[in-house]
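The values are calculated or read from the model by the stated rules, or taken from the named source; none is laboratory data. Just so we're clear, the structure is a prediction, and the values are computed from it rather than from any experiment. Note that each Cβ is placed from the backbone with ideal geometry, even for glycine, and that neighbours are counted across all protein chains shown. These accessible areas exclude ligands, DNA and RNA; they are computed on the full protein's heavy atoms, side chains included. Shrake-Rupley method; radii C 1.70, N 1.55, O 1.52, S 1.80 Å.
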Amino acid sequence: FLEGFIIVMLSSVNGSMPVVENETQAIGINSATYGGGACIVPFLGYWLLRHVGFKATFLTALAGICMGTLIFWPSGALGSYPGFVVANVFVGTAITLLDMSAVAFLTLCGPTQYAEIRVLIGLGVGYCGSTLGLLLSKNVFFTHVANARRLIYIQWTYLAVALSMVLLGLFYYYMPLPEATDEDLQGRDNRLWIRPSDRFFGKLPIVFTTLALSALAEFCSTASLSSIRTFIGTLLESVSTSTHTSPRLTTLELNIVLSAIYGGSHFFLSFLCLFIPPHILLLLLFACDITFSALIIWLDFSAAQTPESILLFFAIPLGPTPSLIYALGLRGMGSWTKFGTSVLEGGGSLGPTIYPWVMWALVRARSDSVQFSFYAIFAALVVGTVFPLYLNLVRTALPRTRYPIWSTGTLSGSHPAHS
């Protein structure tokens with residue numbers, strides 16, 4: 001919840017700062033937020049999780065958020081765009097570290113067969129935080145956009161976030177949390193119904209093949225998700241100009257609705273995981289994602305149709321897709337779980353760092369049709385489909401843990417490959 005609330009609220013507030021003068025600078029700040037996580041967290045986060053544990057990692061992330069939000073204060077007072085970029089690197093790195101440690105904790109803390117459900121519920125709560133952050137931005141911060149003192153309101157917001165990080169850090173410091181040492185994870189290998197010695201096509205270790213393909217799919221899905229959130233306003237403005245109509249929702253209102261849909265779809269998908277195997281659900285999600293991205297590209301919005309309905313329906317399958325990829329990518333990792341988390345977090349952060357610039361270049365190349373830029377999202381989703389196809393076609397790629405509700409057997413016993 002904290003991760004979703006802070007990153008959305010700060011990104012919304014940053015957009016109203018006087019130092020952000022054009023779309024290029026806005027994309028630059030967004031890339032700085034995710035770029036720090038992509039370059040730093042896979043190494044720092046893996047070392048922290050392996051050597052000092054979850055509690056110390058949580059505290060380090062909260063300290064980083066506190067430090068980054070405090071840097072916003074002098075940056076805003078001086079009107080320094082480079083200062084805002086540095087502050088966003090600090091905050092983005094810390095939030096990515098918090099996300100990485102939280103997902104690893106959700107994956108390991110509980111029965112293996114329910115890992116996907118725990119991750120989906122946890123990240124769904126994060127989107128609830130995003131929705132609240134956007135609502136506060138709309139009803140509290142953006143009401144002062146026309147006021148000359150808006151900078152002061154925003155600076156006090158940053159200070160409040162920093163102080164809340166201190167209080168939350170004290171809470172986590174005194175809260176007892178279970179840890180997962182390397183010895184614990186090595187013992188977990190014997191209970192995963194998968195053999196680390198299995199190889200793909202007789203050459204590549206199956207564990208690392210799964211991890212590599214899941215990292216690729218995570219990159220593609222998060223790149224698509226962030227690109228839509230970044231250019232949704234540009235698409236609506238283009239359609240409004242061509243049809244001489246006003247959009248039903250503003251960009252901010254549409255983002256609020258999208259965040260709420262993302263959260264709800266996470267909870268609904270976690271419920272479906274009790275009845276349908278998650279790897280099948282992931283394949284269905286990608287099929288829906290590709291279909292809706294194709295509709296955005298090829299539908300003619302010059303009539304009475306508006307893209308809002310297509311985008312809202314698109315949000316239902318696209319929202320939980322990165323989360324389910326994350327959970328399935330970690331399944332069966334055993335003693336490699338912490339390493340797998342760092343790899344997936346790096347891939348998931350790299351997509352929002354790079355892909356909005358690809359979309360921006362396509363928008364500049366075809367200024368007469370913003371819909372043309374969505375070919376990049378369509379292509380990314382097609383590439384990402386390799387991972388669910390691999391899970392469904394390669395028998396040894398995934399431990400076939402069955403949930404009691406839809407299982408025909410029991411949760412005890414060994415994988416058939418062990419016989």
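Structural remarks
- Within the full protein context, the accessible area of Met175 is estimated at about 60 Å² for a probe radius of 1.4 Å.
- Carbon + sulfur, % of accessible area of the range 270-400 - ligands and nucleic acids excluded, 1.4 Å: 74
- For the range 30-129, the solvent-accessible area with a 1.4 angstrom probe is 35 square angstrom per residue.
- The order of the peptides 67-74, 48-55 by mean Cβ neighbours within 10 Å, most packed first, is 67-74, 48-55.
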